[in-house]
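The values are calculated or read from the model by the stated rules, or taken from the named source; none is laboratory data. Because the structure is predicted, anything quoted here is derived from the model rather than measured. Glycine gets a Cβ as well: all are built from the backbone with ideal geometry, and neighbour counts include every protein chain shown.
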Amino acid sequence: MRESSVALNRFGLGGRKGEAVPQEPRRWLLDQFGKFDPRPAAITSLPASPALIVQFREARAAQREMRDENPAADAAKPGTEARPDIAPELRPYRGLRDVYAQAAAARTNLALTTPTPFVERLVHFWANHFAVSIDKIVTLGIAGAFEFEAIRPNVLGKFTDLLLAVERHPAMLLYLDQAQSVGPDSVLGKIAARRGNQRGLNENLAREILELHTLGVRSGYDQGDVTELARALTGWTVGGLADQPMLRGPGPGYWFAGIIHQPGDRKVLGKRYDQDGERQGEAILRDLAVHPATARHIATKLARHFAADDPPPSLVARLEAAFLKSGGDLPTVYRALIEAPEPWAASPAKFRTPWDWTLASLRAVGTQTLPVLANANTFNQLGQPIWRPGSPAGWDDMAPSWAGPDALYRRVEVAERIASRTAAIDARKLAEDLFPGALSEPTRKALAGAESPTQALALLLASPEMMRR
Amino acid sequence: MIDRRSLLARGALLTGALFAPRLAYAAAPTQKRLVFLIQRGAADGLATLAPTGDPAYERLRGELADIGAGTKLDGLFTLHGSLGQLAGRYQAGEALFVHATASPYRDRSHFDGQNVLETGGRLPYDRDDGWMNRLIGLLPSGDAKALALSPAIPTALRGAATASSYAPTNLPDASPEFLQRVARLYADDAQLHDLWSEAVQTRAMAGELASDGGRGAAAAGKLAASLMTGPEGARLVMMESGGWDTHAGQRGRLANQLTGLDAMLAALRDGLGSAWADTLVIVATEFGRTAAVNGTGGTDHGTGGMAMLLGGRVKGGRILTDWPGLSQSALYEGRDLRPTTSLDTVLAGAIAGHFGLDPVLTARRLFPGGAGKALEGLIRA
């Protein structure tokens, strides 16, 4: 039974009240590959990225108009249905903020009810690996669409396809400034230069691709590689957004704009790329996706996520080999993970993040949906607002980032609140189902000695078992 | 109204067969009151009652050697400059200070140290009930109305006997009872235990004495006094104060803390009026702080500390200490003031003297983890 608890908690998102304990843990995990729904109704009903690009353009226009009309901002204007929590200059983005809040709630609610919690965890893992952050206003509305459109459909495919989908998604192109990167010798670059306009290369995305998305930091590339990749990627931009008609493109969405692409061959990691236009950047990304350093980087992050903060070298090696041998076939890597002994270690080595802990707690009490506002408040309060890691590096996956005194105190407060809102459950029975064969004696005693069923449930949600996976 | 027969029955039950006469005396209702003020966070005894006459003092303390315009109490000790009213009580013979004292606890975790101080046990978490709660069982029921001035019932007052709590401020979201159970749930989990203790400490800081230049503290003292007066008033009161964990910038912070403490004690005495003569106030903290100043103008968790006894019948105007000195070889583990007086013997002696209880029985019942003895002669008959 011990392994059922590992499957539920370390691989999955925590047991769900009323759901049967998986009797064959490995089979239960593998079967999820065939059952995963990449486009469930809960997200297909949300606006897709083309509509969100248009909405952003309109919001930006409204903001500029506001600024032109009243440079002192219209904070003093009475009766503008002011919401106290939004700065006047950001008011035009209210609609996008609502989109964000709804998408974030959809993400939570999917995780609360999913029949494939392991694959859902992988979605979260990859969304964090390829992080965008909504503290950049251009990302606010579209962060959810990024995960739903670029990550979800590709978590059970090849890493190459995942990488290409991510780097072409408007959210990523906008978040890491690729959309405005212009080849100095491109058609538009030359025109701009003649007019004395400063338009040029932005290497933000190129650097993060090498450092975060593929090879990993200090893995052998140098500044020359960054610049060359940045040149190769010029032209990868977002249509439907720019002010200049020349850069509007065919419509809102990813667009390769040949007029800003830097012509010529590129040399990255010692290899020459002589392709034209879009195919050049794609060829480099395809090579990066299956590079041994990428295999090691991805293997290390997966091992850290599923085994321990300090990933066991044996597991890293195993995942790395599976990645290289299969050409970055992700299900092959996941299978290697499931078959490896390290993730099945008995003691829970991972301190749950606020996201993990909240999902596990809500699933434990059988919550089906978290209202939009409660969703935002909960994760804000616990210190991990959805899609707002604040950096392209994503949220840290190590205990010291999450196991803080105040963080723990807040969890305990939320635990009591969740329990107080839940109809009576026998926490003693529930605990055995959530942690089959893995419940500690002190926790069992604490639950048995609680003064009320509600208090027992709150203690279960605050228990050491619940804090880790 | 006190039912005389049940009172006698209760007294008989407690005394056992033929116990000391003093217990029989205790079975008669009195007007005695006890206030236990815990300083959570390890108050710096070496700054509160500074051994300015110790040759190593200036060198160890550096910038912290300056304790304001203090009151020189004898050749060795100076009371901190922020404790002007307390100095007056000392001079009036109503305040007694105990220095280089400690509970049986010898590590440096706030949470564990407070647990030992409050339970009277030998080790953290080896008992669930507190010494103050067990004291209730030794007193006639009319003397035993217990109250904590805090949202939670603190560990010292927890146990079989009934105690209530009252906090005028907004309660935190999580209920105190629940938070205490969480603390016990984490007791065996080193990581969560440490995090939790730190969190509770930090939260306690929010209500520290230092706020409003002592006005808040004075109000707390006044409130406590008001809840203790009149026939229905509480007889055993526990008060908590936080903000003593001065790892950095101690000089100003501690001065503010002590200003608050001084104001609170004065307000308590004023509010109690004539009942002050029947009141014993104990001020104690979980342990002391390092002898030397650290790199951030503060001090770190130490061992030996100080405690105070105040009240109308305290044999005060003196300092009770077997001063170990601050020379390097005298320091405990080379860094802390060496504890030379068991705090439990002092508390047991004072409480027994105050309530007229048998000293040894009191020591054993209230502080089973202690030395099993009680220092007598701390209270005037």
Qualifying residue in segment A:387-403 (condition: on the phi > 0 side of the Ramachandran plot and touching a helix residue (DSSP H, G or I) at 6+ places or on another chain (Cβ under 9 Å)): yes
Taking segment A:115-130 and keeping only residues that are crowded, with 24+ Cβ neighbours inside 10 Å and outside any helix (DSSP H, G or I), one is left with A:Phe130
Pairs returned, first residue in segment A:97-118 that is not assigned by TED's automatic domain parsing to the domain that holds A:Arg60, second residue that is assigned to a helix (DSSP H, G or I), beta-carbon separation under 9 angstrom, 6 or more apart or interchain, are none
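Residues checked against (1) at positive phi; (2) modelled with pLDDT of 90 or more; (3) in a loop (DSSP other than H, G, I, E, B); (4) surrounded by 20 or more Cβ atoms within 10 Å (Cβ to Cβ):
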site: B:Leu18; (1), (2), (3), (4): no, no, yes, no
site: B:Leu46; (1), (2), (3), (4): no, yes, no, yes
site: B:Leu64; (1), (2), (3), (4): no, yes, no, yes
site: B:Ile67; (1), (2), (3), (4): no, yes, yes, yes
site: B:Gly75; (1), (2), (3), (4): no, yes, yes, no
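Conditions (1) assigned to a helix (DSSP H, G or I); (2) more than 20 Å from B:Asp189 (Cβ to Cβ), marked per residue:
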site: A:Leu408; (1), (2): yes, no
site: A:Thr422; (1), (2): no, yes
site: A:Arg428; (1), (2): yes, no
site: A:Leu439; (1), (2): no, no
site: A:Leu447; (1), (2): yes, no
site: A:Leu459; (1), (2): yes, no
Considering residues that are more than 10 Å from chain B (Cβ to nearest Cβ), farther than 23 Å from A:Leu8 by Cα and surrounded by 16 or more Cβ atoms within 10 Å (Cβ to Cβ), the number found within segment A:436-459 is 1
Residue hits (segment A:188-214; free of Cβ contacts under 8 Å to residues at least 12 places away in the same chain and more than 18 Å from the chain's Cα centre (by Cα)) are A:Lys190, A:Ile191, A:Ala192, A:Ala193, A:Arg194, A:Arg195, A:Gly196, A:Asn197, A:Gln198
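Residues are listed down the side, and each one gets a yes or a no for (1) outside any helix (DSSP H, G or I); (2) crowded, with 20+ Cβ neighbours inside 10 Å:
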residue	(1), (2)
A:Gln262	yes, yes
A:Lys267	yes, no
A:Glu278	no, no
A:Leu285	no, yes
A:Ala295	no, yes
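How about segment B:88-108: which of its residues are buried (at least 18 other Cβ atoms within 10 Å of the Cβ), touching a helix residue (DSSP H, G or I) at 6+ places or on another chain (Cβ under 9 Å) and not in a strand (DSSP E or B)?
Once the filter is applied, which keeps residues that are buried (at least 18 other Cβ atoms within 10 Å of the Cβ), touching a helix residue (DSSP H, G or I) at 6+ places or on another chain (Cβ under 9 Å) and not in a strand (DSSP E or B), segment B:88-108 yields B:Arg89, B:Glu94, B:Ser103, B:Pro104, B:Tyr105.
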Of the residues in segment A:382-426, those that are within 30 Å of A:Leu174 (Cβ to Cβ), without any contact (Cβ under 8 Å) to a residue 60 or more places away in the chain and within 14 Å of another protein chain (Cβ to nearest Cβ) come to A:Leu382, A:Gly383, A:Ser401, A:Trp402
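Filter segment A:20-48 down to residues that are among the acidic types (Asp, Glu) and touching a residue at least 12 places away in the same chain (Cβ under 8 Å), then give me how many there are. Can you show your working first?
In the first step, residues of segment A:20-48 are kept if they are among the acidic types (Asp, Glu); the result is A:24, A:31, A:37.
So of that shortlist, the ones also touching a residue at least 12 places away in the same chain (Cβ under 8 Å) come out as A:37.
Going through segment A:20-48 one residue at a time, the tally reaches 1.
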Out of (1) part of a helix (DSSP H, G or I); (2) within 26 Å of A:Ala419 (Cα to Cα); (3) in contact with a Lys or Arg (Cβ under 7 Å, 6 or more places away or on another chain), the one A:Ile386 does not meet is (1)
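Does at least one position in segment B:327-346 carry a residue that is under 16 Å from B:Ile379 (Cβ atoms) and either assigned to a strand (DSSP E or B) or touching a strand residue (DSSP E or B) at 6+ places or on another chain (Cβ under 8 Å) (or both)?
Narrowing segment B:327-346 to residues under 16 Å from B:Ile379 (Cβ atoms): B:345-346.
Retained after the next criterion (residues that are either assigned to a strand (DSSP E or B) or touching a strand residue (DSSP E or B) at 6+ places or on another chain (Cβ under 8 Å) (or both)): B:346.
Yes, because at least one residue in segment B:327-346 is under 16 Å from B:Ile379 (Cβ atoms) and either assigned to a strand (DSSP E or B) or touching a strand residue (DSSP E or B) at 6+ places or on another chain (Cβ under 8 Å) (or both).
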Residues of segment B:347-370 being in contact with an Asp or Glu (Cβ under 6 Å, 6 or more places away or on another chain) and in a loop (DSSP other than H, G, I, E, B), in sequence order, are B:Phe367, B:Gly370
Conditions (1) over 20 Å from the mean Cα position of the chain (by Cα); (2) modelled with pLDDT under 95; (3) of a type in the set (D, E, K, R) -> B:Asp107 fails only (1)
Pairing a residue in segment A:324-336 that is among the hydrophobic types (A, V, I, L, M, F, W, C) and surrounded by fewer than 20 Cβ atoms within 10 Å (Cβ to Cβ) with any residue that is part of a helix (DSSP H, G or I) and modelled with pLDDT of 95 or more, where Cβ atoms lie under 8 Å and the two sit 6 or more apart in sequence or on different chains, gives A:Leu324/A:Pro292; A:Leu324/A:Ala295
Going through (1) modelled with pLDDT under 90; (2) over 21 Å from A:Ser133 (Cα atoms); (3) not small (Gly, Ala, Ser) one by one, A:Leu285 fails only at (1)
In segment A:334-360, residues that are in a helix (DSSP H, G or I) and more than 19 Å from the chain's Cα centre (by Cα) total 8
Those residues of segment A:361-386 which are within 18 Å of the chain's Cα centre (by Cα) and modelled with pLDDT of 95 or more amount to A:Ile386
